[in-house]
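The values are calculated or read from the model by the stated rules, or taken from the named source; none is laboratory data. Computed from a predicted model, the values in this text were never measured in an experiment. Here the Cβ is made from the backbone with ideal geometry for all residues, glycine too, and neighbour counts use every protein chain on show.
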Amino acid sequence: FFIGFFYGANYNNRAYYINFMLWYIASIVISECSAVISSEKQMGTFTQLLLKPVSLLNIIFVRVIVYTTFSFIKIAILISFALVFFDLPIAFNPLIIICFLFVFIFLISVGILISCMTIKYTKTASFGSLISYFILLFSGIIIPLSELPTLVSKISQYTPITLAVTFCNELLNYNRFNGRALSMLTGMSIVSLFLSLLIYKLLKNNIHKKGFNTDY
């Protein structure tokens, strides 16, 4: 985290801390949602959770919100530490809060999806780190999108994390409100939430018919 943080901490990019906040939060949500469920399945405690008079979706939803909120708090502490001890420049605009609200919704969707996949396929937890590094490499946080292969660059431009990075960079560096990026981020976040709920229902029906995959 700190290597990338200091790499981006320069006066030419006032949104450097936003970029790594987005990646760090996403990586925590992805890894925690899969790792915790995977370990509980191995220990046998997950089955006990299913016996409680609470729906599986409620259990997943509450956990994802807790992980996402915890990741926001954790990254805020880390950045505060870096700013206090290393006197790094920082810029802020209240509109960033709106952007992060929809990022929060998107990450909840991702968390629900990862959790559902881990419940059905335990090995999903093994790909958590790989997914987070893909986000880091293909969201314009370290490598500019213009330097990526043309096809990869075009696809990356329309991912929620990249849209959030684009919106924050233009807002803080050029004081320019990118309504298109924010609108697309809003739409994708809402759509991803509904899709994650739909996938949950499909996987739930599949689990009822075929049971869990207990391979580790």
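When you check Phe61 against the structure, is it over 14 Å from Leu22 (Cα atoms) and either modelled with pLDDT of 75 or more or outside any helix (DSSP H, G or I) (or both), yes or no? Don't jump to the end; show me each part of the working.
Numbers: over 14 Å from Leu22 (Cα atoms): yes; either modelled with pLDDT of 75 or more or outside any helix (DSSP H, G or I) (or both): yes.
Taking the combined requirement at face value, the residue satisfies it.
Rundown of residues vs (1) at pLDDT 75 or above; (2) part of a loop (DSSP other than H, G, I, E, B); (3) surrounded by fewer than 16 Cβ atoms within 10 Å (Cβ to Cβ), yes/no style:
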site	(1), (2), (3)
Phe81	yes, no, yes
Pro89	no, yes, yes
Phe92	yes, yes, yes
Ile97	yes, no, yes
Phe106	yes, no, no
Val110	yes, no, no
Ile114	yes, no, no
Ala125	no, no, no
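Is at least one residue of region 184-196 at pLDDT below 85 and either surrounded by fewer than 17 Cβ atoms within 10 Å (Cβ to Cβ) or out of contact with any strand residue (DSSP E or B) (no Cβ under 6 Å at 6 or more places or on another chain) (or both)?
no
Which members of region 148-183 meet the condition of being surrounded by fewer than 18 Cβ atoms within 10 Å (Cβ to Cβ), part of a helix (DSSP H, G or I) and free of Cβ contacts under 8 Å to residues at least 60 places away in the same chain? First the steps, then the outcome.
Initial filter on region 148-183 (surrounded by fewer than 18 Cβ atoms within 10 Å (Cβ to Cβ)): 148-155, 157-158, 170, 173-177, 179-180, 183.
In the following step, the residues that additionally are part of a helix (DSSP H, G or I) were identified as 150-155, 170, 173-174, 179-180, 183.
Answer for region 148-183, where residues must be surrounded by fewer than 18 Cβ atoms within 10 Å (Cβ to Cβ), part of a helix (DSSP H, G or I) and free of Cβ contacts under 8 Å to residues at least 60 places away in the same chain: Thr150, Leu151, Val152, Ser153, Lys154, Ile155, Glu170, Tyr174, Gly179, Arg180, Ser183.
Which of the residues belonging to region 27-52 are at pLDDT 75 or above and over 23 Å from Ser139 (Cα atoms)?
Scanning region 27-52 gives no hits.
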